[in-house]
Structure formats: C-alpha cells, structure tokens
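K.L.:
Input: one structure, supplied below.
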Amino acid sequence: MKSFILGASLAALAAGSGWAEGVKVGMITTLSGGGAGLGIDARDGFMLAVGQSGRDDIEVVIEDDQRKPDVAVQLADKMIQSDKVDVLTGIIWSNLAMAVVPGAVAQGKFYLSVNAAPSALAGKGCNPNYFSVAYQNDNLHEAAGAYLTSAGYKKPFILAPNYPAGKDSLTGVKRFYTGELAGEVYTKLGQTDYAAEIAQIRASGADSVFFFLPGGMGISFMKQYADSGVDLPVVGPAFSFDQGILQAVGEAAMGVKNTSQWSKDIDNAANKAFVESFLAEYGRLPSLYAAQGFDTANLMISAMEKADISDADAFRAALKAADFASVRGDFTFASNNHPIQDIYVREVIKEGDVYTNKIVGVALEDRSNAYVDECKM
C-alpha cells in the first residue's frame, strides 16, 4: 500500500479529534498494465493540487486497481473498512466504477470521479454522494456527433470497445449525429489487432471514421489505420488523442479533430498556472486526465474550506456549490451532480518536437447530460 501524508504527521493529526478536521482520501486508479498512463496522470494532477493547497490535514492512500474490477472492489472494501477513508476517487474505467461506486456511496462515502462517468450513475443510479468532476460519459462523443454533422459528413463508420463507456460513446455520437452510418462495431476491451475492423471500414463506403479506443487501444488502432492506406478523415474524443497518447501515435495523428472539455490552451488564469506548474513538477505537459485530477482535488479542497467532512450534509452542499477555479473556466453541477460545461473541438498539431492539440471551435456550449430527468434526488 502506498500512503501519502502531507504536512503534519499522522500521529499528530490523530492526537486531536481524529480525522474530523481533515479528509482521508482513498485513490483507486490504474498504475500498471494497459492504461497505466491515464491513472498516473490523474494521480499526478490530483496530488499537484493537494500539494499546492498547503493543507496539512489531507491524507491520500493510493492503490493500483490493475484495471481489474475484482481488484478495485477489494481495494474499496479495504479502504472503507480498514483505512476508514472519507472520500474515494481515482477510477478511470467505467466497468470498475460500476463495480465500486454503488457500494461505496451506499456506505455513506463520498465518491468524486476523476474520469469514469457511466450513464447508469447519471440517471436512475444517481446518488447524492456521487459527483462526476469530469463529464458524463456521453458528452465528448455527443460533441463528436455534433461535429460530424456540422462538418458535413454523410456516412461515418463508428466503433468503440464493448464495455459501459464504449456503449455510452456510440449512444452519444448517435444522439447528435442522426444521419446514415456506414457501420457500427463494438470491439473487445483491450484489443490490439484491428485488421478486421479496418477491412470493414475499407469495404463500408464510409466518408469518415469515428472511434473511441482509450489508452493503448487507440495507439494500436491509429498506427494500423495509418499503415492500411485507408485515407478517410478521423474524428474522436480526446481520450484517443490526448497528450500522453499523441507521442506514441506520432505523425499518424496529425490533423485529427477530437472533442474535449479541456485543452491546455483554454485562456484562463487557473489553466495557465496549472499547465505551467504541472510541466515544472513532472517534466511533461498535462493531459485531460491530469486536468480532471487537478480539478477533482480542488473541488474537494473548496468543500473542506466551507464544511467539516463529519457534517455530511454541509460537505455535500459545499461540493455541489463547486466554488473553485476550474481549469476549464465556468463549471457548475447539474442536478444529478455531473458538470455543465463547454465541449471543444481540437486539432492535433506539432509544436517543435511535441505533438499536442489546439482548440479550433466549440462543439457544444453549456452541455449538461441526457440523464438529468431520470435522476430522482
């Protein structure tokens, strides 16, 4: 187990009134195997904000879920029962979130999502103690669907992995793109060989391709797609074209349009300071996942400044107020505790030797989510 104690020692904190005046956080995220870069970025963004806060009453216990639902559940049980955490966070993958979040909030714990936000937790499965600080899973894909429409594409081929976020992805695309599809395919989660799917795209008569394949899946697809000779425009969500992934994909990603609620060139003071400080601390540009981790920690810290974690109602209200300087600019929660925010269109460019993104438009303004009315809380 990795346990990080910031500022005062654990013994000194425990000597008074326990953790009533501070917060103990359990971070379960992916730090090894496929997708490890996503969890590492989320962790680093979160810890950067905690460090910058100057508070000495936050403890963060960090564990690796190995991208396995059963491991994530075991870790959550341990953190709740033995470590006595107040807040859980960190999960990247929606299938892991579905395995952990319902049980955690049922036991009265707060869950602040740095990434995964499946539709099941936004609608009928919503909970007052569950806050997505990232988005609702459909959002970036909805924006891609809107972009496909506005850009005039008539027959896109769409594909995503067969797990909750993949299903939310294609649902989101089809919510805002209502034209004809050349094809719709669900791939295996963790798949690395896409020869069959690329052959289907080639034969489909498509005029464009949308794919959601996060982490190593997207790297594999884009390299194979570039080598295939299929020369159709590619559109995707930021997950497949984010900062950590772009360096691995390389030239094959140049010019690709992707949708995101965050970009390093969003023009506000909080974002400029975040990008600069993250680069200084870790020696690399931040990703979407790092930005979400940073915002999640700052949301939690803003609630700590208003309420004691032992007063659950007051702490919940303080979280709901979202009184912090988000790197995204304007940030509020919808009634189901998911963000209302702009979703941008970015283009992959090269700055010196570094592949990165720049904003080229806004796909959706002040977008909430499609499941608000299903949430009865």
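The values are calculated or read from the model by the stated rules, or taken from the named source; none is laboratory data. Remember, it's a predicted structure, so these values are computed and weren't measured experimentally. Positions of Cβ are backbone-derived with ideal geometry, glycine not excepted, and every protein chain shown enters the neighbour counts.
K.L.:
Hey, among Ala370, Ala325, Ala318, which residue is within 19 Å of the chain's Cα centre (by Cα) and assigned by TED's automatic domain parsing to the domain that holds Val25?
P.N.:
Of Ala370, Ala325, Ala318, the one residue that is within 19 Å of the chain's Cα centre (by Cα) and assigned by TED's automatic domain parsing to the domain that holds Val25 is Ala325.
K.L.:
So which of Glu63, Glu59 ends up being in contact with a helix residue (DSSP H, G or I) (Cβ under 9 Å, 6 or more places away or on another chain), in contact (Cβ under 8 Å) with a residue 60 or more places away in the chain and of a type in the set (Asp, Glu)?
P.N.:
Just one listed residue meets the conditions, Glu63.
K.L.:
Only one of these is under 20 Å from Asp168 (Cα atoms), at pLDDT 95 or above and outside the structural domain of Gly37 (by TED's automatic domain parsing): Phe241, Phe210. Name it. Quick ask: steps written out before the conclusion?
P.N.:
Working: Phe241 fails: at pLDDT 95 or above.
Of Phe241, Phe210, the one residue that is under 20 Å from Asp168 (Cα atoms), at pLDDT 95 or above and outside the structural domain of Gly37 (by TED's automatic domain parsing) is Phe210.
K.L.:
Step by step: first the residues of segment 287-346, then only those that are among the β-branched types (Val, Ile, Thr) and part of a helix (DSSP H, G or I), then the one that is farthest from Ser132 (Cα to Cα). Which residue is that?
P.N.:
Ile301
K.L.:
Every residue in segment 354-372 that is under 30 Å from Lys124 (Cβ atoms) and aromatic (Phe, Trp, Tyr), please. Steps first, please.
P.N.:
Of all residues in segment 354-372, those under 30 Å from Lys124 (Cβ atoms) come to 363-372.
Within segment 354-372, Tyr371 is the sole residue that qualifies.
K.L.:
Can you give me the number of residues within segment 82-141 that are assigned to a loop (DSSP other than H, G, I, E, B) and among the aromatic types (Phe, Trp, Tyr)?
P.N.:
2
K.L.:
Given the criterion outside the structural domain of Leu299 (by TED's automatic domain parsing), hydrophobic (A, V, I, L, M, F, W, C), out of contact with any strand residue (DSSP E or B) (no Cβ under 9 Å at 6 or more places or on another chain) and more than 23 Å from Val101 (Cα to Cα), identify the matching residue among Ala199, Ala151.
P.N.:
Ala199
K.L.:
Now, a different point. Of the residues in segment 347-377, how many are aromatic (Phe, Trp, Tyr) and farther than 17 Å from Asn258 by Cα?
P.N.:
Number of matching residues: 1.
K.L.:
If you check Asp295 against the conditions, is it among the acidic types (Asp, Glu), at pLDDT below 95 and surrounded by 24 or more Cβ atoms within 10 Å (Cβ to Cβ)?
P.N.:
When the stated conditions are applied, Asp295 does not pass them.
K.L.:
Given the condition surrounded by 15 or more Cβ atoms within 10 Å (Cβ to Cβ), under 18 Å from Gln292 (Cβ atoms) and basic (Lys, Arg), answer yes or no: does some residue in segment 328-336 qualify?
P.N.:
yes
K.L.:
Same structure again: Please determine, by comparing only the residues of segment 92-106 that are among the small types (Gly, Ala, Ser) and surrounded by fewer than 19 Cβ atoms within 10 Å (Cβ to Cβ), which one is farthest from the chain's Cα centre (by Cα).
P.N.:
Within segment 92-106, the match that is farthest from the chain's Cα centre (by Cα) is Ala106.
K.L.:
For segment 170-245, which fully contained strands (runs of 3 or more DSSP E) count at least 1 residues that are in contact (Cβ under 8 Å) with a residue 40 or more places away in the chain?
P.N.:
Hits in segment 170-245: 208-211, 234-237.
K.L.:
Would you point out the residue of segment 246-272, among those that are out of contact with any helix residue (DSSP H, G or I) (no Cβ under 9 Å at 6 or more places or on another chain) and assigned to a helix (DSSP H, G or I), that is farthest from Leu148 (Cα to Cα)?
P.N.:
Let us first name the residues in segment 246-272 that are out of contact with any helix residue (DSSP H, G or I) (no Cβ under 9 Å at 6 or more places or on another chain), namely 247, 254-255, 267-269, 272.
After this cut, where a residue has to be assigned to a helix (DSSP H, G or I) as well, the list is 247, 269, 272.
On the way: Gln247: 25, Ala269: 31, Lys272: 30 Å.
For segment 246-272, the residue satisfying everything is Ala269.
K.L.:
If you don't mind, another one. Has segment 55-62 got any residue that is at pLDDT below 95, outside any helix (DSSP H, G or I), in contact with a strand residue (DSSP E or B) (Cβ under 7 Å, 6 or more places away or on another chain) and among the β-branched types (Val, Ile, Thr)?
P.N.:
For segment 55-62, residues at pLDDT below 95, outside any helix (DSSP H, G or I), in contact with a strand residue (DSSP E or B) (Cβ under 7 Å, 6 or more places away or on another chain) and among the β-branched types (Val, Ile, Thr): absent.
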